[in-house]
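The values are calculated or read from the model by the stated rules, or taken from the named source; none is laboratory data. What you see is a predicted model, and the numbers here were worked out from it, not measured in a lab. A quick note on method: Cβ atoms are made from the backbone with ideal geometry, for glycine too, and the neighbour counts reach across all protein chains shown. What goes into the accessible areas is simple: the full protein's heavy atoms, side chains included, and nothing from ligands, DNA or RNA. Shrake-Rupley method; radii C 1.70, N 1.55, O 1.52, S 1.80 Å.
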Amino acid sequence: MSDVIESETKRFSPKQKYVRALFAGGSFADEASVIFSRFFDRVHMYPSNGNRLSLDHPLISKEHCIVDLGEDYFTKGKLHPMIDPTPRISRIVKEVEDKEVRVILMDVVLGYGAHPDPGGALVEVILDAKRKFEELGGYLSVIVSLCGTEEDPQNYSEQKAKLERSGAVVTDSS
């Protein structure tokens with residue numbers, strides 16, 4: 001994994017500095033909060049878990065931040081982002097507007113009750129986001145924590161291959 005980190009890190013432009021985490025649920029968001037605390041002094045979070053700075057508005061990221069897209073604000077009257085990838089796709093498009101972003105972290109959860117092809121649903125937005133950064137002389141690292149098994153209806157290996165073809169780094173843990 002250290003060679004992947006080195007390969008990704010050397011491609012950033014000097015002005016890129018922020019990590020944005022866009023999770024479908026609170027468990028991954030809370031876990032990221034613990035991990036972020038080891039590396040960053042200022043981390044914004046929605047919803048704030050009490051240990052993190054709160055975002056002024058859940059739709060507007062700032063600095064390093066973690067967003068739980070499965071929170072009520074995003075899901076009230078709508079499908080959960082594990083089922084409908086639209087909220088995450090919209091958020092990725094918005095994050096790409098900030099040229100100081102260097103990494104987008106996200107989870108993709110497989111299983112019954114999840115989107116039938118979550119990796120496939122994200123491929124185009126990841127490719128577009130990475131292309132936009134490249135056109136401006138930067139590099140966007142997209143890191144996906146893929147949670148599932150070969151026996152899940154979406155098949156772990158197939159989802160991993162799709163995400164990797166988009167240029168995402170796929171891990172099996174945070």
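Side notes on the structure shown:
- Scanning segment 45-102 for residues that are part of a loop (DSSP other than H, G, I, E, B) and farther than 15 Å from V34 by Cα yields a total of 25.
- Pair list, Cβ under 7 Å, 6 or more apart: segment 100-117 residue in contact (Cβ under 8 Å) with a residue 12 or more places away in the chain, other residue in a strand (DSSP E or B) and of a type in the set (S, T, N, Q): R102/S141; V103/S141; D107/S145
- Subset of segment 158-174 [open to solvent by 60 Å² or more (accessible area, probe 1.4 Å) and farther than 16 Å from F28 by Cβ]: E158, K160, E164, R165
- A search for C-beta distances below 9 Å between a residue of segment 41-63 that is in contact (Cβ under 8 Å) with a residue 40 or more places away in the chain and any residue that is aromatic (F, W, Y) and part of a loop (DSSP other than H, G, I, E, B), counting only pairs 6+ apart in sequence or on different chains, returns E63/F40.
- Hey, L127 at pLDDT 95 or above, of a type in the set (A, V, I, L, M, F, W, C), surrounded by fewer than 20 Cβ atoms within 10 Å (Cβ to Cβ) and more than 24 Å from E31 (Cβ to Cβ) or not: yes
- Here T149 clears all of (1) among the β-branched types (V, I, T); (2) surrounded by 15 or more Cβ atoms within 10 Å (Cβ to Cβ); (3) not in a helix (DSSP H, G or I) except the condition numbered (2).
- Any chance S54 is open to solvent by 20 Å² or more (accessible area, probe 1.4 Å), under 19 Å from K130 (Cα atoms) and either touching a Ser or Thr at 6+ places or on another chain (Cβ under 7 Å) or at pLDDT below 95 (or both): no
- For E6, the test of being among the charged types (D, E, K, R), more than 24 Å from K99 (Cα to Cα) and surrounded by fewer than 19 Cβ atoms within 10 Å (Cβ to Cβ) is failed.
- Applying a threshold of 9 Å to beta carbon distances and a minimum spacing of six or more residues, or different chains, the list of pairs starting in segment 128-145 at a residue that is closer than 18 Å to R88 by Cβ and in contact (Cβ under 8 Å) with a residue 60 or more places away in the chain and ending at one that is open to solvent by 60 Å² or more (accessible area, probe 1.4 Å) and hydroxyl-bearing (S, T, Y) reads S141/T9; S145/S173; S145/S174.
- Verdict on G167 being closer than 21 Å to S7 by Cβ and within 15 Å of the chain's Cα centre (by Cα): yes
- Residue within segment 16-35 that is open to solvent by 20 Å² or more (accessible area, probe 1.4 Å), charged (D, E, K, R), at pLDDT 95 or above and outside any strand (DSSP E or B) present: yes
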